[in-house]
Amino acid sequence: MTCLMVYPSFVSPSIFRCPICSLPLTEATTQAVCANQHQFDRAREGYLNLLPVQHKHSKEPGDAKVQLQARRHFLQAGYFDGMLSHLFSRIHELLSDSDGGRLLDIGCGEGHFSLAMAKEFPACAIYGVDIAKSGVRMAARAAQVAGQAIRYAVASSYALPFEDASIDLVTRIYAPSKDEELRRVLNANGCLIVVVPGVNHLIGLRRRVYADIRDHKPPPTPSGFEYLGHSDYQAGLTVPAGSDTAALLAMTPFSWRMGSILRQQLERDGLEDRLHFELYSYRVCS
Ligand SMILES: C[S@@+](CC[C@H](N)C(=O)[O-])C[C@H]1O[C@@H](n2cnc3c(N)ncnc32)[C@H](O)[C@@H]1O
Ligand SMILES: [Zn+2]
């Protein structure tokens with residue numbers, strides 16, 4: 001119980017809305033409730049579960065625990081830090097008032113990026129949602145340990161549990177979304193940053209798995225948004241043999257197609273490859 005005491009701002013006013021009837025939620029320390037008395041418990045780690053069972057398409061939707069743990073291992077080892085700095089520069093450029101604002105990371109996974117955002121933008125309120133409960137639990141626990149009051153919820157990015165026009169900037173890093181929902185939760189000046197793998201991302205690994213490497217197409221501009229710009233982050237990637245290589249393979253779905261001999265060989269030898277991320281920025285159309 002004591003761990004919840006670091007989160008006094010969880011109590012109203014809240015921008016979360018009821019995932020069942022869309023009325024505003026009133027937040028208290030142990031739960032959130034709407035005027036229709038739909039109640040949602042807050043977990044020990046501080047997150048809300050706003051994914052009603054009727055919105056679940058499987059028992060445990062989203063990434064599996066083993067993938068989330070692998071991603072935690074690999075990201076904490078710092079391999080994506082260059083991309084993160086690149087992303088932060090873009091957020092600094094886009095936030096008109098860097099002294100405040102609400103940032104939402106959709107498909108936040110185990111929370112590496114949202115935790116880093118909380119540290120980089122201390123005056124902002126940081127929100128994270130993911131459909132995988134084990135990811136949100138890991139993210140919320142890490143935020144507690146770091147003493148960061150990040151508001152996490154288990155929720156789908158296809159039905160975001162936020163009030164209209166309540167968010168200033170959304171990041172979507174390798175995660176699905178629905179244009180209408182992004183447009184709805186962003187305010188009139190709101191921005192969206194989409195991070196996707198570039199054509200050279202893990203190109204060495206991909207060549208070992210696929211006979212043909214398909215072209216990466218730029219994502220279409222989401223409807224209701226204007227395109228602001230695009231930038232690349234590319235860097236060499238050296239991963240030593242052992243647990244870091246094993247984590248990269250476990251968190252990279254296409255590598256599951258590899259035979260066990262190649263996988264063992266890579267884990268034994270490590271790998272040299274390339275990182276390539278593309279960042280696309282958009283603003284809500286006026
Ligand atoms: C490749 S991971 C990226 C996680 C995180 N953004 C990162 O870069 O570390 C994709 C994430 O999207 C989540 N996801 C998949 N479908 C989702 C949905 N409908 N709503 C919210 N999250 C979803 C998965 O559970 C997973 O955590
Ligand atoms: Zn309700």
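The values are calculated or read from the model by the stated rules, or taken from the named source; none is laboratory data. Keep in mind the model is a prediction, meaning the values are calculated, not measured. For neighbour counting, all protein chains shown are included, and Cβ atoms are generated from backbone atoms with ideal geometry for every residue, glycine included. These accessible areas exclude ligands, DNA and RNA; they are computed on the full protein's heavy atoms, side chains included. Shrake-Rupley method; radii C 1.70, N 1.55, O 1.52, S 1.80 Å.
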Among the residues of the range 14-60, write down those that are more than 16 Å from ligand 1 (Cβ to nearest atom), among the aliphatic types (A, V, I, L, M) and closer than 24 Å to LEU115 by Cβ. ILE15, LEU25, ALA32, ALA43
If you go through the range 127-139 one residue at a time, do you hit one that is over 11 Å from CYS108 (Cβ atoms), of a type outside the set (Asp, Glu) and in a loop (DSSP other than H, G, I, E, B)? no
Sole exception among (1) polar (S, T, N, Q); (2) surrounded by 12 or more Cβ atoms within 10 Å (Cβ to Cβ); (3) modelled with pLDDT of 95 or more; (4) more than 14 Å from ligand 1 (Cβ to nearest atom) for SER9, by number: (3)
Return only the number of the condition from (1) within 16 Å of ligand 2 (Cβ to nearest atom); (2) charged (D, E, K, R); (3) under 25 Å from VAL284 (Cβ atoms); (4) surrounded by fewer than 20 Cβ atoms within 10 Å (Cβ to Cβ) that ARG17 does not satisfy. (4)
How about the range 12-43: which of its residues are of a type outside the set (D, E, K, R), touching a helix residue (DSSP H, G or I) at 6+ places or on another chain (Cβ under 9 Å) and under 15 Å from PHE162 (Cα atoms)? ILE15, PRO19, ILE20, ALA32
ILE106: touching a residue at least 60 places away in the same chain (Cβ under 8 Å), under 23 Å from ARG17 (Cα atoms), open to solvent by 10 Å² or more (accessible area, probe 1.4 Å) and hydrophobic (A, V, I, L, M, F, W, C), yes or no? no
Among residues belonging to the range 64-103 that are charged (D, E, K, R) and touching a residue at least 12 places away in the same chain (Cβ under 8 Å), point out the one that is nearest to ligand 2 (Cβ to nearest atom). ARG102
